[in-house]
Amino acid sequence: MPNMPAMPFATPLPDQPFPLILRDVACARGEARIFAGLDITVEAGGLWLVRGANGTGKTTLLRMLAGLLKPESGAVLWADGQAPRVAPERAVLIGHQDALKPALSVAENLSFWARFAGVTDNPWPSRSDPFGVWALADVPLRVLSAGQKRRVGLTRLAFSRAPLWLLDEPTTALDAAGQRTVWELIALHRRRGGAAVVTTHAKGTVDGAQELILGEER
Amino acid sequence: MAAVSTVKALQETVLRAAQPARFVTLANMLIPWISAAAVGLLGAGLIDALALSPPDYQQGETVRIMYIHVPSAWMGLFVYALVATLGGVGLVAGHPLAFAAARAAAPLGAAFTAVCLVTGSLWGKPMWGAWWVWDARLTSMLLLLFLYFGQIALSRAFDEHRRGDKAAAVLALVGCINLPVVKFSVDWWNTLHQPASVMKLGGPAIDASMLWPLLLMAGAFKLAFFALWLVRTRTEVVEARLRAAANRARSEAMR
Amino acid sequence: MSVFLAVLKRDLLLALRDGAGTWTVLGFFTIAVAVFPLGVGPEPEVLRRVAPGVLWAMALLSALLSLDTLFEADYRDGSLEALLAGQLVPELLVLAKACAHWIATGLPLTLAAPALGIFLHLPTEAMPVLFASLLLGTPVLSLLGAVGAALSLGARRATVLLAVMVLPLAVPVLVFGAGAVESAQTGLAVGPSLLILGGVALCALAVCPVAAAAALRQAVE
């Protein structure tokens with residue numbers, strides 16, 4: 001595990017769209033209401049930890065913030081009045097799956113996502129390697145362990161231009177050092193003016209984090 | 001100004017009727033009347049078609065198949081256009097009733113198309129001496145039936161109903177754009193393959209004594225479709241409510 | 001543009017790594033065409049008559065065979081969400097993936113078809129037309145297939161469903177493609193068929209990416 005570089009990000013944040021405000025938001029999957037009456041504000045430098053039992057809508061909330069699905073009622077708006085839509089300038093969603101191809105090597109996978117994110121000069125620059133996966137650059141992804149894959153997947157955060165990170169249980173399958181890196185990376189991202197909404201089952205809190213517990217009557 | 005307010009009033013009426021609860025009430029009210037009208041018209045049409053109208057000088061009594069065959073073909077095409085329109089409305093306006101109506105209509109359209117093909121086949125045996133001839137019009141209807149199959153299969157292939165509705169709506173719109181191309185290609189293909197000796201159906205202008213029963217039957221088919229469509233849409237709406245209630249109960253039980 | 005090329009390159013690289021995809025499709029095409037003489041008999045006259053139709057219908061089925069994986073893998077491993085969240089508009093994403101699919105399957109089918117035409121005693125003068133018609137027609141199959149693949153993402157029995165949806169839509173391609181080859185065989189003008197086929201291809205290029213993109217958005221909703 002290499003030491004975390006001072007600035008592990010490949011590209012600076014483009015703009016400052018915060019706050020993202022959710023007012024009286026309800027969401028349905030299929031024909032079932034999952035949550036309702038949700039009011040939160042995501043500020044620049046903010047971190048929301050989303051907790052709740054299985055099936056209470058943690059992932060659905062993240063997908064809604066990413067603009068993949070619309071709220072059933074209520075408003076989700078950025079400061080400039082725009083609703084979230086799938087666009088790399090605003091939010092990046094890293095879900096349960098790593099979005100990596102088993103047939104490609106670590107370097108091929110990551111340089112594709114780097115180029116896809118608009119990093120053209122130097123596909124997957126090794127300087128933005130917070131999880132230390134450069135050592136595995138030429139290894140096909142299919143032979144990696146679940147934790148290693150997770151590290152490769154999370155490395156995508158290093159070249160994302162999105163101010164808002166939406167992370168769905170990012171520490172799953174990671175060892176202690178990997179988990180520490182995730183939280184350090186989030187802290188660095190917040191320090192440069194970004195924000196994150198993270199679902200987690202882990203106990204314990206993070207400095208300055210706000211908590212949202214889904215599935216409890218409020 | 002008057003026109004604007006009329007349009008607005010109409011819009012409001014439609015929107016109010018489109019609320020699921022109101023729709024069920026409205027459907028309950030309409031179904032008996034439309035059904036009765038359909039049965040009446042069907043009776044009159046059948047008597048006219050089977051007894052009163054003259055046999056064709058060329059085709060004899062078999063021409064009476066036309067009174068079922070042709071209205072079925074019209075309905076098959078009409079319902080496909082309707083399903084595509086409803087799908088488009090559903091996609092744009094996101095109204096659940098549009099999807100429910102499309103879901104209810106598609107199998108009816110497929111049934112009309114199938115009736116058209118079967119009667120066409122029955123008509124073909126005495127006329128062409130074969131149960132099936134790759135006539136351009138029959139082939140087009142066969143492909144329409146296949147489009148219906150895809151449509152119906154897709155709308156029912158997902159665990160989440162809404163996804164099936166939306167996907168089927170996109171397919172119906174694509175199919176609608178494609179339908180004229182399919183028709184054109186089949187005509188082209190037919191002239192390429194078929195010898196010119198194939199007898200053309202319909203012949204020249206149709207006599208009033210045959211036109212009347214045809215129109216009566218077409219009206220009867222349309223009314224019958226509307227009655228069945230309302231019944232099926234009502235069922236879809238009620239089913240959606242039951243599913244929602246069941247889902248609610250399940251998520252309550254988990255808490 | 002560079003993002004478009006990045007997706008295209010990635011999909012081609014995946015197809016190359018996988019390898020099996022292209023070869024399986026070519027293998028199916030060869031075997032399916034070779035089965036026909038065994039069914040209808042070895043008379044050159046009969047084979048020559050059915051050759052355009054058989055070659056085209058089998059090319060259609062072969063192209064369909066490989067379509068179910070077009071978006072499925074990306075859908076399963078979470079790539080699709082990330083791809084849709086990128087700066088590439090979904091319509092171009094569909095186009096990039098359909099292009100890659102065509103290069104990996106449609107183009108090899110087109111290249112292999114004349115060789116299989118020999119099996120069916122297709123006259124030499126019809127070979128260029130067979131090639132040209134497939135060159136125009138197989139991209140349409142990839143585009144229509146992209147719509148079908150996007151619509152059937154996450155559906156039960158998606159592969160069969162895909163075929164049921166796409167085959168009726170692909171009828172015009174089959175008719176004009178096989179029609180062109182047959183015209184060439186019988187000494188008729190091939191221009192009209194090929195021109196219409198080109199027109200169909202342009203229509204598909206305009207409509208299919210939009211429809212497939214709408215379907216993809218629904219799939220990740």
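The values are calculated or read from the model by the stated rules, or taken from the named source; none is laboratory data. Every value quoted in this text rests on a predicted model; they were computed, and no experiment measured them. Positions of Cβ are backbone-derived with ideal geometry, glycine not excepted, and every protein chain shown enters the neighbour counts. Quick note on the areas: whole protein, heavy atoms, side chains included, nothing else; ligands and nucleic acids left out. Shrake-Rupley method; radii C 1.70, N 1.55, O 1.52, S 1.80 Å.
Sequence-distant contacts, meaning Cα pairs under 8 Å at least 6 residues apart, place the relative contact order of chain C at 27 percent.
For the range C:3-75 and the range A:26-102, write down the distance between their C-alpha centroids in whole Å. Cα centroid to Cα centroid, the span is 41 Å.
Count, for each residue of B:177-183, the Cβ atoms from other chains sitting within 10 Å of its Cβ, then give me the mean as a whole number. Mean partner shielding for this stretch: 5.
Each of A:Thr56, C:Val190, B:Trp33 was scored by the projection of its Cα onto the charge dipole of the protein assembly as shown, and the greatest displacement toward the positive side belongs to A:Thr56; charges sit on the C-beta of Lys, Arg, Asp and Glu. The slack between A:Glu43 and A:Lys203, meaning 0.36 nm per residue of separation minus the straight C-alpha distance, is 55.3 nm.
Think of each Lys and Arg Cβ as +1 and each Asp and Glu Cβ as -1; about the Cα centre, that makes the dipole of the range B:39-142 roughly 240 debye.
Taking B:Ala110, B:Ala44, B:Ala73 as the candidate residues, the one with maximal mean-square fluctuation in a Gaussian network model of chain B, Cα springs under 10 Å, is B:Ala44.
Per residue, how many Å² of accessible area does the protein assembly as shown show with a 1.4 Å probe?
Numbers: 30490 Å² over 694 residues.
Per-residue value: 44 Å².
Remark on the range C:2-220: hydrodynamic radius 17.7 angstrom, per the Kirkwood mean of 1/r across alpha carbon pairs.
With all protein chains present, how much of the accessible area of the protein assembly as shown (probe radius 1.4 Å) comes from carbon and sulfur, to the nearest whole percent? Please report the intermediate quantities before stating the final value.
Details: 20180 of 30490 Å².
Roughly 66 percent of what the probe reaches on the protein assembly as shown is carbon or sulfur.
Return the residues of the range C:146-184 for which accessible area with all protein chains present is lower than in the chain on its own by 30 Å² or more; set the probe to 1.4 Å and exclude ligands, DNA and RNA. Buried-area filter returns C:Leu151, C:Arg156, C:Leu161, C:Val164, C:Met165, C:Pro168, C:Leu169, C:Val171, C:Pro172, C:Val175, C:Phe176, C:Glu182.
Quick one: net charge around C:Ala146, please, counting Lys, Arg +1 and Asp, Glu -1 for every other residue with C-beta under 15 Å from its C-beta. Write out the running numbers ahead of the final one.
Values: positive: C:Lys97, C:Arg217; negative: C:Asp11, C:Asp68, C:Glu72, C:Asp74, C:Glu91.
So the environment of C:Ala146 carries a net charge of -3.
Put a plus charge on the Cβ of each Lys and Arg, a minus charge on the Cβ of each Asp and Glu, and nothing anywhere else: the dipole of the range A:20-213 about its Cα centre is then about 200 debye.
Remark: for residue pairs A:Lys101/C:Lys97; A:Lys58/C:Lys97; B:Lys166/C:Lys97, the C-alpha separation exceeds 27 Å in A:Lys58/C:Lys97. Among A:Phe112, A:Phe159, A:Phe18, the largest mean-square fluctuation in a Gaussian network model of chain A, built with springs joining Cα atoms closer than 10 Å, belongs to A:Phe112.
Roughly speaking, what is the stretch gain from C:Arg156 to C:Phe28, that is 0.36 nm per residue apart minus the C-alpha to C-alpha distance, in nm to one decimal?
Contour length minus the Cα-Cα distance gives 43.6 nm.
Measuring heavy-atom accessible area with a 1.4 angstrom probe and counting protein chains only, the residues of the range C:1-44 that give up at least 20 Å² relative to the chain alone are C:Ser2, C:Val3, C:Ala6, C:Lys9, C:Arg10, C:Leu13, C:Leu14, C:Arg17. Length available on full extension from C:Asp18 to C:Leu61: 0.36 nm per residue minus the Cα-Cα distance, which gives 13.4 nm.
With a sphere of radius 13 Å drawn around the Cβ of B:Gly87, what net charge do the other residues whose Cβ falls strictly inside it have (Lys, Arg +1; Asp, Glu -1)?
Details: positive: B:Arg103, B:Arg162, B:Lys166; negative: B:Asp165.
The answer is +2.
Springs between Cα atoms under 10 Å define the GNM used for chain B, and in it the highest mean-square fluctuation of B:Ala93, B:Ala21, B:Ala245 occurs at B:Ala245. Among beta bridges from DSSP that stay inside the range A:20-213, the antiparallel ones total about 40%.
Against chain B, whose longest principal axis comes from its Cα atoms, helix B:66-93 is set at around 30 degrees. Taking +1 at the Cβ of each Lys and Arg and -1 at the Cβ of each Asp and Glu, which of C:Leu47, C:Phe36, C:Leu92 sits farthest along the dipole of the range C:28-110 towards its positive end, judged by Cα position relative to the Cα centre? So the residue we want is C:Leu47.
Here chain B is assigned +1 on the Cβ of each Lys and Arg and -1 on the Cβ of each Asp and Glu. Its dipole about the Cα centre then comes out at about 1000 debye.
When only Cα pairs under 8 Å and 6 or more residues apart are kept, what is the percent relative contact order across the range B:65-174? The partial results should precede the final answer.
Numbers: 129 pairs, mean separation 37.5, N = 110.
Dividing the mean separation by the residue count of the range B:65-174 yields 34 percent.
Value of Rg to Rh for the protein assembly as shown, rounded to two decimals, is 1.04; Kirkwood radius and Rg both from alpha-carbon coordinates.
Taking the longest Cα principal axis of chain C as reference, the axis of helix C:107-119 is set at about 20 degrees.
Mean silhouette area of the range A:20-213, derived from the convex hull of its C-alpha atoms and averaged over all directions, reads 11.1 nm². Just name one of C:Val200, C:Leu116, C:Trp56: the one whose Cα is farthest towards the positive end of the charge dipole of the range C:2-220 (beta-carbon charges, Lys/Arg +1, Asp/Glu -1). Comparing the listed Cα positions along the dipole, C:Val200 ranks first.
Take every Cα pair under 8 Å in chain B that's 6+ residues apart, average their separations, divide by the length, and report that relative contact order as a whole percent. Spell out each step's value before the answer.
Working: 249 pairs, mean separation 82.3, N = 255.
Reported relative contact order: 32 percent.
Once you divide the Cα radius of gyration of the range B:59-103 by 2.2 N^0.38 Å, the number left is 1.72.
Within the protein assembly as shown, DSSP assigns beta bridges of which about 45% are antiparallel (rounded to the nearest 5). If you take all other residues with their beta carbon under 14 Å from the beta carbon of C:Gly187, and give Lys and Arg +1 and Asp and Glu -1, the sum is -1.
The residues of the range C:63-82 occluded by other protein chains by 10 Å² or more of accessible area, set against the chain on its own, are C:Arg76, C:Asp77, C:Gly78, C:Ser79, C:Glu81, C:Ala82; surface from heavy atoms, 1.4 Å probe. Mind pulling the angle between the C-alpha long axis of helix C:90-101 and the longest principal axis of chain C? Nearest 10 degrees, somewhere in 0 to 90. For helix C:90-101, the angle is close to 40 degrees.
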